[in-house]
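Chemist: My questions will all concern the structure given below.
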Amino acid sequence: MFDSLLVANRGEIARRVIRTARRLGVRAIAVHSEADADLPFVTEADEAVCVGPANPALSYRNVEAILDAARNTGAQAIHPGYGFLSENADFARTVERAGLIWVGPGADAITAMGDKINARNLMAAAGVPVAPGTTEPAADLDAAVTAATEIGYPVMVKAAAGGGGMGMGVAADEAALRTEYDKVRAFAERMFGDGSVLIERYFPRVRHVEVQILGLADGRVVALGERECSVQRRNQKLVEESPSPAVSAELRARFLAAAVRAGEAVNYRNAGTVECLLDPTTQEFFFLEMNTRLQVEHPVTEYVYGVDLVEEQLRVAAGLPPTFDPDALTPRGHAIELRINAEDPKRFLPGPGVITTWNEPSGTGVRVDSGYVAGNTVTPFYDSLLAKLIVSGDTREEAVERARAAVAQFEVAGPKCNLPFFAELLENPEFRSGDYDTGIVSRMR
């Protein structure tokens, strides 16, 4: 194991990685913007370096500043967390060219999976189910209309270089497609520097299920179960749970086998996630995308499988075997994660501010991964995630009840907060039954 690690991220995930690094005796180095100087991850690191102003382009996405920080502190490895530079293949290559260890998949795998059309084609060739869609970008509006006619409406219009639920629109007919195509293309050019657009079949009632994979140092790819991620707003996740209440043992076996094939197709190493859409009526599932990094929702898998996924990431990067037996992975119990965001609980619009009250819940089966404490300021420069409330139990019913109690105990004042939404969700009969889909939030609103 290397002896020093620079965490190229902020907030909750930086604090999470630092915690495991220090437990393993690895010196943890934080980088931070001027706006984040007082946050807990900065003070909890063994060393911290300011890499620029609040603007992420000048700090957390500033490659030269981050590499300078690594050189000046003697860091041997870099963990990118999620977001920012975590899925930037050029950054991964630059880190390795600098003689540092990259804690993540190889740059070639990141590149292969970063373009949704290329990823779809690779997965189809590997025998992973993909939804009907284009095998190359829709070059213009006429090409998009032709493709949609062949696929059949409704269709999803997606930015080929997008991710995180951004750059997508639904078209029920040609008129809507003409509007959505221009909108998505413009958004993709602005956000990703790539206006390529993919047209894909849209499923009105669908569940979002993903599989956690880990590419080991010896070349094997293993799957650590699935996560249900169907509670979403604006195509972005709010709640995740494992195992999925929609997945039978037979379906789980198919999911995991497909995810392993997906990883093997790109010689995957380190942690990643294969995201799929599940038609609950037919039990068919289709590849959506692969996230070539650690996911926000990784703690529910940690609970169910009894592993520390950050530790496993570090071990793979160091060329070490996993702490578990890959041939004897046994899930236990149920876990649920709620994303506590600084946003209003009705319209989900961000609401930054100074945190005047911050009291975290505790108790059996309750874990809080937070990025803030009382007195900190939630700024408008970054994602609105304040903390992740993770609960576990022997059964889903027990986990839901513990989540209800924990939400009632969690006190946040100052910025806006979506805790009231979770109190409502956990009483919702549809959610409590486990028989829900990606439309549940819109039906609640």
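Chemist: Helix-derived [θ] at 222 nm for the chain: sum -39500 (n - 2.57) over DSSP H runs of at least 4, divide by residue count, nearest 500?
Modeler: Calculated mean residue ellipticity at 222 nm is -10000 deg cm²/dmol.
Chemist: What are the residues whose amide H is under 5 Å from the amide H of Leu386, where those residues sit 5 or more places off or on another chain and H is modelled from the backbone?
Modeler: Ile340, Asn341, Ala342
Chemist: Counting Lys and Arg as +1 and Asp and Glu as -1, each charge on the Cβ, what is the dipole of segment 132-201 about the Cα centre in debye, to the nearest 20?
Modeler: Details: 6 positive and 11 negative charges, 53 e Å.
For segment 132-201, the charge dipole is close to 260 debye.
Chemist: Pick the calculated log10 I(q)/I(0) by the Debye sum over Cα atoms at q = 0.07, 0.13 Å⁻¹ for this structure from (1) -0.33, -1.27; (2) -0.31, -1.14; (3) -0.36, -1.13?
Modeler: (1)
Chemist: Which one of Tyr82, Tyr382, Tyr181 has the biggest mean-square fluctuation once the chain is modelled by GNM with Cα springs under 10 Å?
Modeler: Maximum fluctuation in the GNM of the chain, among the listed residues, is at Tyr382.
Chemist: Relative to the present Cα-Cα distance, how much length would full extension add between Thr43 and Ala423 at 0.36 nm per residue of separation?
Modeler: Value of the extension gain: 133.6 nm.
Chemist: Tally Lys/Arg at +1 and Asp/Glu at -1 over every other residue whose Cβ is under 14 Å from the Cβ of Arg205; what's the total? Please report the intermediate quantities before stating the final value.
Modeler: Numbers: positive: Arg201, Arg207, Arg443; negative: Asp279, Glu284, Glu430, Asp435, Asp437.
Every neighbour counted, the sum reads -2.
Chemist: Distance in nm between label sites at Arg97 and Gln236, each 7 Å beyond Cα in the beta-carbon direction?
Modeler: If labels sit at Arg97 and Gln236, their model points lie 3.2 nm apart.
Chemist: Would you kindly calculate the translational diffusion coefficient of segment 250-300, applying Stokes-Einstein with the Kirkwood radius from alpha carbon pairs, for 25 °C and a viscosity of 0.890 mPa s, and quote it in µm² s⁻¹ without decimals? The partial results should precede the final answer.
Modeler: Details: Rh = 11.9 Å.
Rounded to a whole number, D works out at 206 µm²/s.
Chemist: Please work out how much length the chain gains when fully extended from Met191 to Arg261, using 0.36 nm per residue of separation minus the C-alpha to C-alpha distance, in nm with one decimal.
Modeler: 22.1 nm
Chemist: So between Asp3 and Asp325, what do we pick up on full extension, going 0.36 nm a residue minus the alpha carbon distance?
Modeler: Separation in residues times 0.36 nm, less the Cα-Cα distance, equals 113.4 nm.
Chemist: Moving on to the next point. Rule-of-thumb check for segment 4-103: C-alpha Rg over 2.2 N^0.38 Å?
Modeler: Rounded to two decimals, the normalised Rg is 0.94.
Chemist: Right, another one. Give me the distance in nm between label points sitting 7 Å out from Cα along the Cα-to-Cβ direction at Thr395 and Thr357, one decimal.
Modeler: Using points 7 Å along Cα→Cβ, the separation is 3.4 nm.
Chemist: On to the next question. Taking 8 Å as the Cα distance limit and 6 or more residues as the minimum spacing, I'd like the relative contact order of segment 207-444 as a percentage.
Modeler: Relative contact order, segment 207-444: 21 percent.
Chemist: With springs only between Cα atoms under 10 Å, which of Asn118, Asn341, Asn72 fluctuates most in a Gaussian network model of the chain?
Modeler: Asn72
Chemist: What residue among Leu39, Leu385, Leu320 has the largest mean-square fluctuation in a Gaussian network model of the chain, using Cα springs under 10 Å?
Modeler: In this elastic network of the chain, the residue with the biggest mean-square fluctuation among Leu39, Leu385, Leu320 is Leu320.
Chemist: Right, something else. DSSP loop (so not H, G, I, E, B), at most 11 other Cβ within 10 Å: list which trypsin sites (Lys or Arg not before Pro) in segment 175-237 pass both filters. Walk me through the intermediate numbers first.
Modeler: Working: sites: Arg178, Lys183, Arg185, Arg190, Arg201, Arg205, Arg207, Arg220, Arg227, Arg233, Arg234, Lys237; in loops: Arg205, Arg220, Arg234.
Passing sites in segment 175-237 are Arg205, Arg234.
Chemist: Two decimals is fine: what's Rg over Rh for segment 177-304, C-alpha atoms, Kirkwood radius as Rh?
Modeler: Expressed as Rg/Rh, it is 1.00.
Every number here is computed from the coordinates shown, using simple stated rules; none is lab data. On a predicted model such as this, the values are computed, not experimentally measured, just so you know. As a convention, Cβ positions derive from the backbone with ideal geometry for all residues, glycine included, and neighbour counts pool all protein chains shown.
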